[in-house]
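Data first, discussion second: the structure below is written as structure tokens.
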Amino acid sequence: MFIKWDEQYAVHIRLMDDQHKRLFDMIEQFYLALHHRETQRAMSELLSGLTEYSLYHFHGEERMMSLNNYPLYAAHKSAHEKFIITIKEFHERFDSGKLLIPIEVAQFIKQWLSNHILMTDKQLGKFLRQIESKED
Ligand code: FEO
């Protein structure tokens with residue numbers, strides 16, 4: 001087991017938690033594929049799939065932030081954008097045949113996602129829950 005979602009990552013916003021679980025699962029599947037020596041195919045699938053699903057997930061969060069006038073919107077969005085730029089750079093290196101060490105890619109994504117959820121997304125989750133509780 002390389003990465004597994006558990007309660008410490010819960011931001012307690014159902015949609016966000018469900019999508020984070022999916023992102024964790026994508027990284028875990030990639031890691032498992034490395035052990036089966038399917039490195040090239042797995043890397044291509046991970047980088048494409050992760051870009052697509054991360055964009056979908058980030059846009060969802062950004063929409064929630066925007067709709068609720070979240071004060072940390074700009075910094076949170078910027079963190080998303082930097083991540084996407086890095087993943088696209090990995091993809092470009094992969095496509096052009098440059099050296100890309102799969103486990104380092106997996107480690108980077110794991111670390112980034114863990115930190116981002118534990119710090120940045122949890123702040124957002126707390127803010128959204130406060131708004132929800134005021135609306136009740
Ligand atoms: Fe769940 Fe801000 O990404």
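The values are calculated or read from the model by the stated rules, or taken from the named source; none is laboratory data. Because the structure is predicted, anything quoted here is derived from the model rather than measured. Using ideal geometry, Cβ is built from the backbone for each residue, glycine included, and neighbour counts are taken over all protein chains shown. Just the protein is used for accessible areas: all its heavy atoms, side chains included, with ligands, DNA and RNA removed. Shrake-Rupley method; radii C 1.70, N 1.55, O 1.52, S 1.80 Å.
Assorted remarks:
- The range 30-56, residues that are within 14 Å of the chain's Cα centre (by Cα) and open to solvent by 40 Å² or more (accessible area, probe 1.4 Å): 48, 52, 55, 56
- Here residue 1 clears all of (1) closer than 22 Å to residue 126 by Cα; (2) open to solvent by 70 Å² or more (accessible area, probe 1.4 Å); (3) in contact with an Asp or Glu (Cβ under 8 Å, 6 or more places away or on another chain) except the condition numbered (1).
- On inspection, residue 99 fails the criterion of being at pLDDT 95 or above and under 20 Å from residue 30 (Cα atoms).
- Pairs with Cβ under 6 Å, 6+ apart, first in the range 62-81 and closer than 15 Å to residue 132 by Cα and touching a residue at least 24 places away in the same chain (Cβ under 8 Å), second open to solvent by less than 70 Å² (accessible area, probe 1.4 Å) and β-branched (Val, Ile, Thr): 68/131
- Restricting 53, 31 to those that are among the hydroxyl-bearing types (Ser, Thr, Tyr), part of a helix (DSSP H, G or I) and within 16 Å of the ligand (Cβ to nearest atom) reduces the list to 53.
- Residues of the range 69-123 satisfying the condition of being in a helix (DSSP H, G or I), open to solvent by 60 Å² or more (accessible area, probe 1.4 Å) and of a type in the set (D, E, K, R): 81, 82, 88, 89, 92, 93, 95, 104, 122
- For the range 110-136, filtered to residues that are closer than 14 Å to residue 21 by Cα and in contact (Cβ under 8 Å) with a residue 40 or more places away in the chain, the residue that is nearest to the ligand (Cβ to nearest atom) is 121.
- The range 32-48 - residue that is among the hydrophobic types (A, V, I, L, M, F, W, C) and more than 16 Å from residue 92 (Cβ to Cβ) and, of those, modelled with the lowest pLDDT: 34
- Taking first residues from the range 2-25 that are more than 15 Å from residue 116 (Cβ to Cβ) and partners that are assigned to a helix (DSSP H, G or I) and near the ligand (Cβ under 10 Å from one of its atoms), the Cβ contacts under 6 Å between residues at least 6 apart in sequence or on separate chains come to 12/125.
- For the range 56-68, a residue qualifies if it is assigned to a loop (DSSP other than H, G, I, E, B) and under 21 Å from residue 111 (Cβ atoms), but none of them does.
- Restricting the range 57-68 to residues that are among the charged types (D, E, K, R) and within 11 Å of the ligand (Cβ to nearest atom), the residue that is surrounded by the most Cβ atoms within 10 Å (Cβ to Cβ): 61
- Tally of residues being within 13 Å of the ligand (Cβ to nearest atom) and open to solvent by 40 Å² or more (accessible area, probe 1.4 Å) across the range 15-25: 4
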